[in-house]
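Peer 1: Quick one: the structure is below, and I'll ask about it shortly.
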Amino acid sequence: MIPRERRDVVVLGGGPAGLAAALAASESGSDVLVVEREERLGGILKQCVHDGFGLVRFGEQLAGPEYARRYIDLVEGRRVAVSLETFVHSVRREAPAAARRAAAADGDPGFFVLTCVNRDRGVFELEARALVLATGCRERTDRQVFIHGDRPAGVLTAGLAQHLVNIEGLLPGRRAVILGSGDIGLIMARRLTLEGMEVEGVYELKSEPSGLSRNLRQCLEDFGIPLHLSTTVVEVHGKRRVEAVTVAAVDQRGQVLPGTERRVACDTLVLSVGLIPENEIAESLGLSLDPATKGPRVDQAGESQAEGVFVCGNALHVNDLADYVSESGEAAGRAAAAFAARNGAPAARGRLVPVKAGPGFLYAVPQFVDRGRPGKAVLYFRSNATLREGARFAARAIGPDGAPAATLLEKRYAALRPPEMERVEIDVALVPVDAAAVSLELERKEGLRG
Amino acid sequence: MSLSKLRAGIAKRTGGDAGNFGALDVEVREEFSSVVLEGRVPDWRLKVELGWFAAGFGYKGVVNDLEVEGIEEERLAPSFPAGDRPLEGRSFDVAIIGGGVVGCAIARELAKWKVSAVLLEKEEDVAAHTSSRNDGMIHDGFAARPGTRKAAYNVRGNRLWEPLAGELRIDFSRPGSLVVFGSSAAKAAYPIMAARAKENGVDGWEFWSRKRLLAEEPNVTDGQHGAFFLPSAGIVSPYRATVALAESAAANGVEFSLGTCALGLEKEGGRITRVLTNRGDFRAAVVVNAAGNWSDAVAGMAGDRFFSLHQRRGVEMILDANAGRHLNHIMAMPSLLTVNRKTKGGGLVKTVEGNVLVGPTAAEAPGRENYATTAAELRELEKHLRLNKKLSPSMVITYFAGVRACTYEEDFIVERSERVPNLVHAAGIQSPGLASAPAVAEDVVRLALEALAATKRVSRNAAFVAARRAAPELRRLPFAERAALIAKNPAYGRIVCRCEEVSEGEIRDALRSPLPAASLDAVKRRARPGMGRCHGGFCTPRVMEIVADELGIPLDEVTKKGPGSRIACGQTKAGAEGGRQ
Ligand SMILES: Cc1cc2nc3c(=O)[nH]c(=O)nc-3n(C[C@H](O)[C@H](O)[C@H](O)COP(=O)(O)OP(=O)(O)OC[C@H]3O[C@@H](n4cnc5c(N)ncnc54)[C@H](O)[C@@H]3O)c2cc1C
Ligand SMILES: Cc1cc2nc3c(=O)[nH]c(=O)nc-3n(C[C@H](O)[C@H](O)[C@H](O)COP(=O)(O)OP(=O)(O)OC[C@H]3O[C@@H](n4cnc5c(N)ncnc54)[C@H](O)[C@@H]3O)c2cc1C
């Protein structure tokens, strides 16, 4: 028999999302356990030693580990159970056991059973009424962006470079080329420079940078590191260690322009070419992923289409600020606690009204509004193009006849950029009970004048 | 007589067009029953075509020394400098040059005899070249041209692999291979295909109607007319197989000298007496040439270069493990033409780990160890995805290239040298070299023992243990066994690579195996950390720590594949303490 431990709520992942979820669930009276596969809590923030966290949450500039520390202290203060260096082998749903079934209400969705592995306990099971997935994201690799050429040492993702430098105290090389202008790449350009490495330049396939404006300024401009837009790395050279890369200009479709190839000597290629939410467990539970966010579809409390499974933080969509991650974790944790407290009683879930993001959006989260959850719903979105001249955002409830039934929110933006996530709130009470959808609209400034 | 015909043919082929007849200066001569081509040609393709042409004249081999403008002749050199000379002054009965699947299979076969043997491999690990860059297919033997050594070794090797895999404790399965009929004309060729399979001695073949095909391979693309099915086609993990052969050989007494490049063979009275390497010179009674893409160069060291190699690149894509459930069999390109080409036309193979391999391509190109891939090669492979409705390019997680070591005769060389009595060749082992390796090894060992008989009476090694002591793979064990192992050794409970579910204990096992890993790539070959979706993004630092700990070296000295390939290059200003705060 595999030993089994029972909890109300199990949170997978001990980063800012999972910590906030655990804290909120615990404060709501749940018996919570956080499962973390690494040796310490804090998630990716452990290695983000730069400032820039907490402005929204705490009104001050904190380094990543400090931001994480505040939550870890709170979680430890409430004696929330934590299981470190624990690997979740698989998750399944189990109907209430025969003995309990008699007492169980009709429609009881049962329990989640997680089969786990760690050093101290070997193989064991966790049983929980509600599950919070706060598993963060992983980086895209050189192969996923189809880099060709040799296979030497010295090609690594920005997150791995950051881990080596900030946690292990190791320099990845002497002279680096950075591919991709995502935030981690920008931050690493600065970090590597400060550590005495030469950063030859940052190369970006797209015609616009994909990192936050403040990072472009503070990490590249302040250090005189050139940013080459519409340029990519096409080939790596070097048998044992990187000796050079070939870079080339690309057209608007990302196709290499012949004749623009140039060889750049370097011993390190750092890739910052995107993050992908970690959703193997969500998928194993049958959740379908939103192709735009690469995360499960959820309502405003982070509850997925599978009852009792809540998702938050970077597992849901790639966030730009840890503060928003904590916010989504809190919402999910609170809702998970409430779900567990019902102990299998019939769902209090209301009707799920789909959120439809119109043209102009990269994506919007959540994908549903649950009419049964009163109060405010927080929506996050990104535009799919840079709107320098500004834009007007509107959220409207659409009636069963397809016509707008209520305006939930209108807001003007001076400018919008895809790398910057926007946050708005709507009042769920304003959504009519029979609404067919919540429609999000984005109009450019030019459109407004016309 | 035939030489003059060959000369005339070559003259035609080198000057026939656009009125510049005779513009190319190609010399042809005969040397020790081989034909030698010398001179200069403008491009690589022509060099290879002349080599093939020359192979049609009944000589023992073609030595193609044509120079190609703008392409430098490659020179064999150690992969990295050696710091010591542990082999200096020693003496062995048999020295095997090359630690690919062929060399390692020979080493293990040799371990069944009471001989002192050493295997030299110039890289930091075995299976560093072609033997880890292929399809992993244990071919049925249908594709090889009837009457060739390839065909015979393949069919024999196919029969040997299953019991061998059992002894080595590695995965082996026989999904069988389908050649799909894309047209009614292709279907009509079934009797010809069956006749060829029969001639090659293939273990079984079947005609599958369209209905049967759809039932057995439901995701096959619409519009097929049935298939030719070869049930004996199998799969292994080629690098695991090679490492397992090496571990078994090492456990049975064969010495492995890694990072050791054979640079010369010293002869006395026509026999090799000493092997010169970058890690010391030693005496050997018999030398086995299993040097893969350098086997012509090694033959040359002994003055026995009666053949030369040309390189045929092959590129493969690997699809995510999720793709594996859409495919039940090995599937080959649905073209009859491929049967007569120099390699099978590529297709889809489900690996023992459940990923799907798409490929390989086949292109003549210089570069014995050129594994750089190009975008055009990947595009070429996308045609294979059309064999199956569920597969798409978005499933690609990685891709790689390999190089086949081909003679111009397009056949294996497995023989005792005609000029040097104590040299045995296992050369030109192109595809299906993996499938054939166990059979090639049997013959090579027989030849080596014959050569050894001149100086020594050899008896069987009664202490030979066939079963390899394989380290446990925890993800495949029932929970109770797994828990018991963790209770004994908690390191088995610490999962380091979460994509492939590999524990610290398994990585330590790889670093302590009978042929211990000493680099990240070598650890990967044995225990798989970093082979999943994230490609080591998360686990690399942890694997580095374990490697450093086991080897007793600082973290920044850990390499990807031996000296010259460090992952890091020194400490940050603050060092580890600053980082950890
Ligand atoms: C390099 C970098 C720089 C950034 N800079 C800033 C900044 O300056 N300011 C800012 O506000 N934000 C910044 N961010 C964004 C912010 O830090 C992240 O959005 C945030 O950390 C995401 O939190 P999370 O909890 O969702 O994920 P993570 O922090 O990634 O945590 C996920 C945790 O889950 C664990 N886990 C995953 N799967 C499992 C499983 N199956 N079982 C058990 N445990 C599991 C992981 O080990 C990890 O600890 C940055 C992000 C990065 C990567
Ligand atoms: C893309 C591709 C797909 C293929 N698919 C299949 C398949 O599905 N099935 C199949 O049966 N076959 C397949 N093959 C063929 C198969 O991979 C090879 O035939 C086989 O691996 C050859 O093994 P080897 O030991 O001869 O060569 P290698 O693996 O190349 O080993 C030779 C070794 O010798 C070492 N060496 C060379 N010179 C020296 C020296 N002087 N001193 C010390 N060491 C030296 C090298 O470093 C190398 O490690 C494929 C090949 C390719 C390229």
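Peer 1: Give, as a single signed number, the net charge of other residues whose beta carbon lies under 14 Å from the beta carbon of B:L265, with Lys and Arg counted +1 and Asp and Glu -1.
Peer 2: Value of the local net charge: +1.
Peer 1: Now a separate question. Compute the Kirkwood hydrodynamic radius of the protein assembly as shown, taking the inverse of the mean of 1/r over all pairs of distinct Cα atoms, and give it in Å to one decimal.
Peer 2: 31.6
Peer 1: Per residue, how many Å² of accessible area does the stretch B:466-581 show with a 1.4 Å probe? Spell out each step's value before the answer.
Peer 2: Numbers: 4670 Å² over 116 residues.
About 40 Å² of surface per residue is accessible.
Peer 1: How long is the gain from A:Q255 to A:A95 if the chain were fully straight, where each residue apart is worth 0.36 nm and the alpha carbon distance is subtracted?
Peer 2: Extending this stretch completely gives an extra 52.3 nm.
Peer 1: Shielding of B:487-500 by partners, i.e. mean partner chain Cβ atoms within 10 Å per residue? Intermediate values should be presented prior to the final figure.
Peer 2: Numbers: counts 3, 1, 1, 5, 1, 3, 11, 9, 10, 3, 0, 7, 2, 0.
Mean partner shielding for this stretch: 4.
Peer 1: Taking amide H atoms as placed 1.01 Å from N in the peptide plane, list the residues 5 or more away in sequence, or in a different chain, whose amide H sits under 5 Å from that of A:R241.
Peer 2: A:A153
Peer 1: Can you compute the FRET efficiency between A:E221 and B:A480 using 1/(1 + (r/R0)^6), with r the Cβ-Cβ distance and R0 = 51 Å? Round to the nearest 0.05. The partial results should precede the final answer.
Peer 2: Values: r = 60 Å, r/R0 = 1.17.
Calculated value: 0.30.
Peer 1: Can you give the accessible area buried between chains B and A, summed over both chains, with a 1.4 Å probe, in Å² to the nearest 100? List each step's numbers first, then the result.
Peer 2: Values: alone 24610 and 20060 Å², together 39960 Å².
Interface area, both chains combined: 4700 Å², rounded to the nearest 100.
Peer 1: At a 1.4 Å probe, which residues in the stretch B:358-375 are at least 50 Å² less accessible with all protein chains present than in their chain isolated?
Peer 2: Residues shielded by partner chains: not a single one.
Peer 1: Another question, if that's okay. Would you mind computing, in nm to one decimal, how far apart the modelled labels at B:E380 and A:E39 are, each placed 7 Å from Cα along Cα→Cβ?
Peer 2: 4.7
Peer 1: Continuing with this model, one more query. Helix-derived [θ] at 222 nm for the protein assembly as shown: sum -39500 (n - 2.57) over DSSP H runs of at least 4, divide by residue count, nearest 500? Show your work: numbers first, answer last.
Peer 2: Numbers: 25 runs with 258 residues, N = 1031.
Calculated from helices alone, the mean residue ellipticity at 222 nm is -7500 deg cm²/dmol.
Peer 1: Further question: Can you tell which of B:M317, B:S248, B:L164 lies farthest toward the positive end of the dipole of chain B, using +1 and -1 charges on the Cβ of basic and acidic side chains (Lys, Arg; Asp, Glu)?
Peer 2: The Cα lying farthest towards the positive end belongs to B:L164.
Peer 1: Where nothing but the Cβ of Lys and Arg (+1) and of Asp and Glu (-1) is charged, how large is the charge dipole of the stretch A:162-234 around its Cα centre, in debye to the nearest 20?
Peer 2: For the stretch A:162-234, the charge dipole is close to 20 debye.
Peer 1: Leaving out ligands, DNA and RNA, what percent of the accessible area of the stretch B:475-578 is carbon and sulfur, probe 1.4 Å?
Peer 2: 52
Peer 1: Continuing with the same structure: How far, in nm, would the chain grow between A:D401 and A:R262 when pulled straight, counting 0.36 nm per residue and subtracting the alpha carbon separation?
Peer 2: Length gained between A:D401 and A:R262: 44.2 nm.
Peer 1: Check chain B for me: any Cys whose beta-carbon has no other cysteine beta-carbon within less than 4.7 Å?
Peer 2: Lacking a cysteine Cβ partner under 4.7 Å: B:C104, B:C261, B:C406, B:C499, B:C534, B:C569.
Peer 1: Give me, ordered by chain and number, the residues 5 or more places off A:G182 or on other chains with an amide H under 5 Å from its own placed amide H.
Peer 2: Amide H neighbours of A:G182, under 5 Å, 5+ apart: A:S210.
Peer 1: Can you give the net charge of the other residues whose Cβ lies under 10 Å from the Cβ of B:V403, counting K and R as +1 and D and E as -1?
Peer 2: Local charge sum for B:V403: +4.
Peer 1: Work out, in µm²/s and without decimals, the Stokes-Einstein translational diffusion coefficient of the stretch B:3-68 at 37 °C, 0.692 mPa s, Rh from Kirkwood over C-alpha pairs.
Peer 2: 280
Peer 1: Measure off, as a whole percent, the carbon and sulfur share of the 1.4 Å-probe accessible area of the stretch B:349-413, all protein chains present.
Peer 2: Numbers: 1140 of 2100 Å².
Carbon plus sulfur share of accessible area: 54 percent.
Peer 1: Still on this structure, I have one more. Take every Cα pair under 8 Å in chain B that's 6+ residues apart, average their separations, divide by the length, and report that relative contact order as a whole percent.
Peer 2: 17
Peer 1: Under the Karplus relation 6.51 cos²θ - 1.76 cosθ + 1.60, θ = phi - 60°, what is the ordered set of whole-Hz ³J(HN,Hα) values for the stretch B:468-485, x standing for Gly and Pro?
Peer 2: My calculation for the stretch B:468-485 gives 6, 7, 8, 5, x, 10, 5, 5, 9, 8, x, 4, 5, 5, 4, 4, 5, 5 Hz in order.
Peer 1: Here is a further query. Please work out the C-alpha center-to-center distance from the stretch B:491-555 to the stretch B:69-136 and express it in whole Å.
Peer 2: 24
Peer 1: Say each of B:A574 and A:L289 gets a label point 7 Å from the Cα, pointing the same way as Cα to Cβ; how far apart are those two points in nm?
Peer 2: With each label point 7 Å from Cα toward Cβ, the separation is 3.3 nm.
Peer 1: Report ³J(HN,Hα) in whole Hz for each residue of the stretch B:408-425, in order, from the Karplus equation J = 6.51 cos²θ - 1.76 cosθ + 1.60 where θ = phi - 60°; Gly and Pro get x.
Peer 2: 6, 6, 6, 9, 5, 10, 10, 6, 7, 3, 6, 9, 10, x, 9, 10, 10, 9
Peer 1: Further question on the same structure: Quick one: give the max-minus-min coordinate of the C-alpha atoms of the stretch B:1-134 along each principal axis, largest first, in Å.
Peer 2: So the three principal-axis extents are 61, 33, 33 Å.
Peer 1: Let's test the formula: R0 of 41 Å, r as the Cβ-Cβ distance of A:D31 and A:Q61. What FRET efficiency results, to the nearest 0.05?
Peer 2: Numbers: r = 35 Å, r/R0 = 0.86.
My answer for the efficiency is 0.70.
Peer 1: Using only the alpha carbons of the stretch B:475-578, what is the convex hull's orientation-averaged projected area in square nanometres?
Peer 2: Its average projected convex-hull area is 7.5 nm².
Peer 1: Within a 10 angstrom radius of each residue's Cβ in B:531-537, how many Cβ atoms of other chains show up on average? Whole number is fine.
Peer 2: That average works out to 6.
Peer 1: I've got another one for you. Determine Rg/Rh for the stretch B:411-489; Rg is computed over alpha-carbon atoms and Rh is the Kirkwood hydrodynamic estimate from the same atoms.
Peer 2: Using only Cα positions, Rg/Rh for the stretch B:411-489 is 1.24.
Peer 1: Most mobile of A:L430, A:L275, A:L257 per a Gaussian network model of chain A (Cα springs, under 10 Å)?
Peer 2: With Cα springs under 10 Å in chain A, the top fluctuation among A:L430, A:L275, A:L257 is at A:L257.
Peer 1: Read phi for every residue in the stretch A:399-408 and hand back ³J(HN,Hα) as whole Hz from Karplus 6.51 cos²θ - 1.76 cosθ + 1.60, θ = phi - 60°, with x for Gly and Pro.
Peer 2: Per residue, the Karplus-derived 3J(HN,Hα) values read x, x, 7, x, 9, x, 10, 7, 8, 8 Hz.
Peer 1: Moving on. What is the sum of charges, Lys and Arg at +1 and Asp and Glu at -1, for the other residues whose Cβ falls under 12 Å from the Cβ of B:E206?
Peer 2: Net of charged neighbours comes to -2.
Peer 1: A follow-up question, please. Across peptide B:393-399, what mean number of C-beta atoms from other chains lies inside 10 Å of a residue's C-beta? Please report the intermediate quantities before stating the final value.
Peer 2: Details: counts 1, 1, 0, 3, 3, 4, 3.
If you average over the peptide's residues, the count of other-chain Cβ atoms is 2.
Peer 1: Provide the FRET efficiency to the nearest 0.05 for the B:E545-B:S459 pair, computing r from the beta carbons and using R0 = 60 Å. If you can, show how the numbers build up before the last one.
Peer 2: On the way: r = 47 Å, r/R0 = 0.78.
Once the sixth-power term is evaluated, E becomes 0.80.
Peer 1: Okay, moving on. What is the set of long-range amide H partners of B:I96 at a cut-off below 5 Å, with H atoms built 1.01 Å from backbone N?
Peer 2: B:V118, B:L119, B:L120, B:V288
Peer 1: Between the DSSP loop rule and a limit of at most 12 other Cβ atoms within 10 Å, which trypsin sites (Lys or Arg not before Pro) in the stretch A:335-441 are left? Let's see the in-between values first.
Peer 2: On the way: sites: A:R342, A:R349, A:R351, A:K356, A:R371, A:K376, A:R382, A:R388, A:R392, A:R396, A:K411, A:R412, A:R423; in loops: A:R342, A:R349, A:R351, A:R371, A:R388.
Filter output for the stretch A:335-441: A:R388.
Peer 1: Counting only heavy atoms of the protein chains, get the accessible area per residue of the stretch B:158-219 (1.4 Å probe) and round it to a whole Å² value.
Peer 2: 50
Peer 1: Please give, to one decimal in nm, the separation of the simple spin-label points placed at B:A467 and B:E27, each 7 Å out from Cα toward the Cβ.
Peer 2: Computed distance between label sites B:A467 and B:E27 equals 6.2 nm.
Peer 1: Roughly speaking, to the nearest percent, how much of the stretch B:3-68's 1.4 Å accessible area is carbon and sulfur?
Peer 2: Working: 1670 of 3310 Å².
Of all accessible area on the stretch B:3-68, carbon and sulfur atoms account for 50 percent.
Peer 1: What is the projected area of the convex hull of the Cα atoms of chain A, averaged over all directions, in nm²? Provide the component values of the computation, followed by the final result.
Peer 2: Working: hull surface 97.5 nm².
Approximately 24.4 nm², given one-decimal rounding.
The values are calculated or read from the model by the stated rules, or taken from the named source; none is laboratory data. Note that the coordinates shown come from a computational prediction; the quantities given were computed from them, not determined experimentally. Here Cβ is always computed from backbone atoms with ideal geometry, including for glycine, and neighbour counts include all displayed protein chains. SASA here: full protein model, heavy atoms, side chains in, ligands and nucleic acids out. Shrake-Rupley method; radii C 1.70, N 1.55, O 1.52, S 1.80 Å.
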